[in-house]
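The values are calculated or read from the model by the stated rules, or taken from the named source; none is laboratory data. Only a predicted model underlies this, so the values are computations on that prediction, with no experimental measurement involved. FYI the Cβ positions are ideal-geometry reconstructions off the backbone, even for glycines, and counts take in every protein chain you see.
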């Protein structure tokens with residue numbers, strides 16, 4: 001594999017880092033805090049990226065992009081996540097909601113939804129998981145029943161990121177009962193302003209977060225709100241998950257914080273135990289492994305050959321890296337001087353990283369389900385080989 005990105009991508013990285021330094025406060029640790037100003041920073045920064053053709057760089061020009069390479073979009077993804085995602089929730093619309101509407105949406109849906117995403121004006125949430133259907137998503141109970149020329153949708157979703165601030169929801173519901181639970185599922189594009197939708201934030205010991213419960217009580221949808229074919233939503237969702245799970249460049253933040261530690265701590269770094277510095281070096285090695293696995297999946301996606309198992313391999317590596325690096329960095333940050341502004345910011349960034357890393361092997365599909373998915377794929381491949 002040759003994943004050298006070239007001079008143009010290196011220049012893009014430099015431009016992005018300068019833009020972040022100029023436009024994003026040094027204390028910024030993400031849009032989802034108790035301070036509304038942090039979300040305002042992210043929304044403003046999204047519009048700035050859009051004005052410069054960087055928010056949806058790899059999208060086709062007819063959909064609001066500039067036809068950039070997938071590697072330029074990867075560089076944007078990495079630089080954003082490394083610096084606590086100053087795009088806020090926009091990566092969801094950019095990375096998979098928009099591309100999914102491009103592939104499966106009607107011309108009207110494309111005209112309606114793609115331009116606002118490309119301009120950074122709209123936030124999407126994902127209505128997938130339910131109290132009894134998390135990792136086993138196909139067991140969901142939210143139902144959509146036909147009513148004349150439309151649908152009535154009722155049920156409950158949980159762990160729904162950004163639901164308090166989102167304008168639209170990419171929702172999966174059951175429209176019929178079939179022999180296989182993966183059949184009879186349909187994707188709906190629903191406005192969060194519908195009076196039948198109620199959002200309740202989920203408070204946690206980890207501090208400010210963006211997770212919510214969403215209750216749907218007789219939400220009205222029309223045929224124009226259905227994405228793709230009725231009853232064929234599972235195939236759309238499988239494609240979505242492959243894009244979603246590589247869309248967050250978790251390794252970039254791990255790598256940046258690990259690299260920053262010696263420079264930020266200066267003389268205090270030399271006093272760390274040799275074993276801890278050895279774990280730090282091993283963490284950097286694992287960052288490179290996760291990065292290369294991500295690049296492999298990106299290349300496969302670009303060629304149209306990606307499978308859920310490919311994404312699962314990356315997902316297992318990067319979520320384990322998230323937690324491994326968080327543990328090492330938490331020990332390292334204990335020696336930071338609270339009176340030194342740079343060291344204080346470093347410690348706060350590490351604490352924020354640790355909070356999110358704790359959920360990494362559960363969120364967006366548990367690591368256990370990723371391993372099962374990978375095992376099934378390997379077993380199927382071996383069976384095909386043996387039969388041949």
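Could you please let me know if residue 60 is at pLDDT 90 or above and more than 27 Å from residue 357 (Cα to Cα)? Yes, satisfied.
Just to be sure, is residue 75 exposed (fewer than 13 other Cβ atoms within 10 Å of the Cβ) and assigned to a helix (DSSP H, G or I)? Taking the combined requirement at face value, the residue does not satisfy it.
Applying the condition of being out of contact with any helix residue (DSSP H, G or I) (no Cβ under 9 Å at 6 or more places or on another chain) and at pLDDT below 95 to segment 147-157 and asking which residue is surrounded by the fewest Cβ atoms within 10 Å (Cβ to Cβ) yields 148.
Set side by side, the residues 208, 195 differ, and just one is surrounded by fewer than 20 Cβ atoms within 10 Å (Cβ to Cβ), modelled with pLDDT under 95, part of a loop (DSSP other than H, G, I, E, B) and not assigned by TED's automatic domain parsing to the domain that holds residue 313, which is 208. Could we say that residue 37 is free of Cβ contacts under 8 Å to residues at least 60 places away in the same chain, out of contact with any strand residue (DSSP E or B) (no Cβ under 9 Å at 6 or more places or on another chain), crowded, with 20+ Cβ neighbours inside 10 Å and farther than 19 Å from residue 253 by Cα here? In short, no. Among the residues of segment 225-232, some residue qualifies, meaning at least one is more than 30 Å from residue 358 (Cβ to Cβ), part of a helix (DSSP H, G or I) and at pLDDT 95 or above. Only residues that are in contact with a helix residue (DSSP H, G or I) (Cβ under 7 Å, 6 or more places away or on another chain) and closer than 19 Å to residue 359 by Cα were counted across segment 287-327, and they come to 17.
Can you find even one residue in segment 301-309 that is closer than 23 Å to residue 378 by Cα, assigned to a helix (DSSP H, G or I) and under 17 Å from the mean Cα position of the chain (by Cα)?
yes
For segment 105-162, which positions are in a helix (DSSP H, G or I) and free of Cβ contacts under 8 Å to residues at least 40 places away in the same chain?
Result: 107, 111, 112, 116.
If you go through segment 163-180 and pick out every residue that is within 26 Å of the chain's Cα centre (by Cα) and not in a strand (DSSP E or B), you end up with 5.
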